[in-house]
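The values are calculated or read from the model by the stated rules, or taken from the named source; none is laboratory data. It should be emphasised that the depicted structure is a prediction, and the values quoted were computed from it without experimental measurement. So basically every Cβ, Gly included, is an ideal-geometry build from the backbone, and we count neighbours across all protein chains shown.
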Amino acid sequence: MNELQELRIEHYRGRAKNAVQDYLVHKLLYPKVYLDADWDGRKLDVLAVDRAGVGDVHGVELVFWQPGHTDNHGYSHYLENAVASAVTEFVGFQGHFRYLTVVCTEPKKQQWIPSPGIKDQSLAADGVGRVGLLYLDITEEEPSVKVLLKAERFRSSKEIVELADRFVAEHTANWEFREEL
């Protein structure tokens, strides 16, 4: 990969994080949003803590849809495998809401639709919680997030609450609501 391709990928990654941040800012109530967060040893592309840092924890990871081989439906086997793997790995995330965002880097590409297997796999083992799947065409002039599979709240725990309190106290948010004095 040459320097120009690497720069383009970094631009796509940055624009995708901004689009997801915008989605969460409009979805949540006064969130604190962090980009490139290290959450209890796990790297997240976007992390949001709702209600000015004392509410539910929302974690987002990006999965890039690289141009490549496609199957009979025009979808990349790479993408299906990458999403399936990411959903499996997200089980260990200590947070209330979990989202995977499929980022399309190829103009005019047909929107990816998750397979029934991935939909089933996105559910928590006990049925309380579901990993949300979002879609983002980064090649658009103003990229916007589309919900493919709505996230459902996972169980809370004392550990999640303590992690959130500690994280918010120790890190500066990339975006937060601030009242005028």
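Among the candidates Asp22, Asp40, the residue that is among the charged types (D, E, K, R) and modelled with pLDDT under 95 is uniquely Asp40. Picking from residues in the stretch 40-59 that are among the acidic types (Asp, Glu) and in contact with a helix residue (DSSP H, G or I) (Cβ under 6 Å, 6 or more places away or on another chain), the one that is nearest to Val161 (Cα to Cα) is Asp56.
Scanning the stretch 142-168 for residues that are acidic (Asp, Glu) and touching a strand residue (DSSP E or B) at 6+ places or on another chain (Cβ under 6 Å) gives a single hit, Glu152. Could you tell me which numbered condition Asp45 fails, if it satisfies all but one of (1) touching a Phe, Trp or Tyr at 6+ places or on another chain (Cβ under 8 Å); (2) crowded, with 16+ Cβ neighbours inside 10 Å? With (1) touching a Phe, Trp or Tyr at 6+ places or on another chain (Cβ under 8 Å); (2) crowded, with 16+ Cβ neighbours inside 10 Å applied to Asp45, the lone miss is (1). Within the stretch 88-139, how many residues are exposed (fewer than 13 other Cβ atoms within 10 Å of the Cβ) and not aliphatic (A, V, I, L, M)? Summing the residues that are exposed (fewer than 13 other Cβ atoms within 10 Å of the Cβ) and not aliphatic (A, V, I, L, M) in the stretch 88-139 gives 12.
Do we have any residue at all in the stretch 153-169 that's assigned to a strand (DSSP E or B) and within 19 Å of Val46 (Cα to Cα)?
Taking the stretch 153-169 first, the residues assigned to a strand (DSSP E or B) are none.
No, the stretch 153-169 has no match at all.
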